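The values are calculated or read from the model by the stated rules, or taken from the named source; none is laboratory data. The structure presented is a predicted model; accordingly, all values stated were derived computationally and were not measured. Cβ placement follows ideal geometry from the backbone for every residue including glycine, while neighbour counts extend to all protein chains displayed.
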């Protein structure tokens, strides 16, 4: 059933790989060939992106493209050398923020294919540097991390504000103070990768996102794993950091009344009211108790539509954000599947994998393309703040990853 799409993906991947110095205007050159999410004739997404790469690599690894995985990962390690963190993308306008830190996960999945300890030893200090960026520039008084930005005032008061106002249908702010505040909160929201979403109530700087902190927990666990392999005496340090973070997430993000994990507003000492796929990440990485997992999965119908799992539950009134109901994003299908599988909800996991695969197949048959996102209610592609472009990237990566497990 999936063979035609799998063959298309395998045939089409090379069109998305550009040489490091073959970059469009406004995009930084790289030392290695890099992957673009969208086709070369597309009007957008012609750079190397951060968290997109991890999900693209799921497909690359299953289709024998380890060399390009290493190229992309080495490019991201190079960017850590340049900036001290991995930018959202290699578009120069994105150099003022990162995205959730997937680099240790990408290094781990590449290393588990190659077993190259020399390469891992060279990557390790770059990973330490990226981790330090999050701890030094994105930490909070509650001990968990938030999104942020490194934008200068002219940037914050310029094109980004206009873009936010246009995409969110907001009235343009009138004073520099209002514009700067709006830009700061939405830059932080953009750093989550969920640009934009109702999860943070338009106050991205005030929240510690549960999924960001679970990625950092996973970072700490990966660094402990690498330390054991490299025998560098740091294993205990990283394990202790992970344990401390897990305790703080349990204390601040678990909502006993709703029975799920929620983003924490550390400024107002309250929690987000929005249940989302981010709420599943403590299950994905295994810090939830069995009871917490069961209660969280009991809320899954709030996210599940006929054509996949939406980013968030439906808000009243609907918000129109693209990272909200009813948008079905490929990486969020992966997160949901990982959470369900880890706690042995295997029938649910299989059902949702097939929903995603079947939605992709139907659109491929109708259009000859894969798409950035889909609609949980209608099954159409697109929706949210802009029309979805054709995309391989994470759509193809997650498709390949799921297709081998769907039956």
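Listed by first and then second residue, the pairs with beta-carbon distance under 9 Å, at least 6 apart or on different chains, first residue in region 58-83 and at positive phi, second part of a helix (DSSP H, G or I), are 64/10. Residue 314 meets the conditions (1) in contact with a strand residue (DSSP E or B) (Cβ under 9 Å, 6 or more places away or on another chain); (2) within 19 Å of residue 258 (Cβ to Cβ) in every case but one. The failed one is (1). A count restricted to region 58-74 and to residues that are closer than 20 Å to residue 29 by Cβ and either out of contact with any helix residue (DSSP H, G or I) (no Cβ under 8 Å at 6 or more places or on another chain) or modelled with pLDDT under 95 (or both) stands at 3.
The single residue among 55, 78, 8, 32 that is over 23 Å from residue 190 (Cβ atoms), outside any loop (DSSP other than H, G, I, E, B) and at pLDDT 95 or above turns out to be 8. Determine whether residue 288 is farther than 30 Å from residue 383 by Cα, free of Cβ contacts under 8 Å to residues at least 60 places away in the same chain and crowded, with 24+ Cβ neighbours inside 10 Å. For residue 288, the condition - farther than 30 Å from residue 383 by Cα, free of Cβ contacts under 8 Å to residues at least 60 places away in the same chain and crowded, with 24+ Cβ neighbours inside 10 Å - is met. As a summary of the residue check, residue 316 satisfies the conditions (1) more than 23 Å from the chain's Cα centre (by Cα); (2) over 30 Å from residue 244 (Cα atoms); (3) part of a helix (DSSP H, G or I) except for the one numbered (3). Within region 129-140, if we keep just the residues that are touching a helix residue (DSSP H, G or I) at 6+ places or on another chain (Cβ under 9 Å) and surrounded by 14 or more Cβ atoms within 10 Å (Cβ to Cβ), the residue that is nearest to residue 265 (Cα to Cα) turns out to be 138. Would you confirm whether any residue within region 137-147 is under 30 Å from residue 241 (Cα atoms) and in a helix (DSSP H, G or I)? Checking region 137-147: at least one residue is under 30 Å from residue 241 (Cα atoms) and in a helix (DSSP H, G or I).
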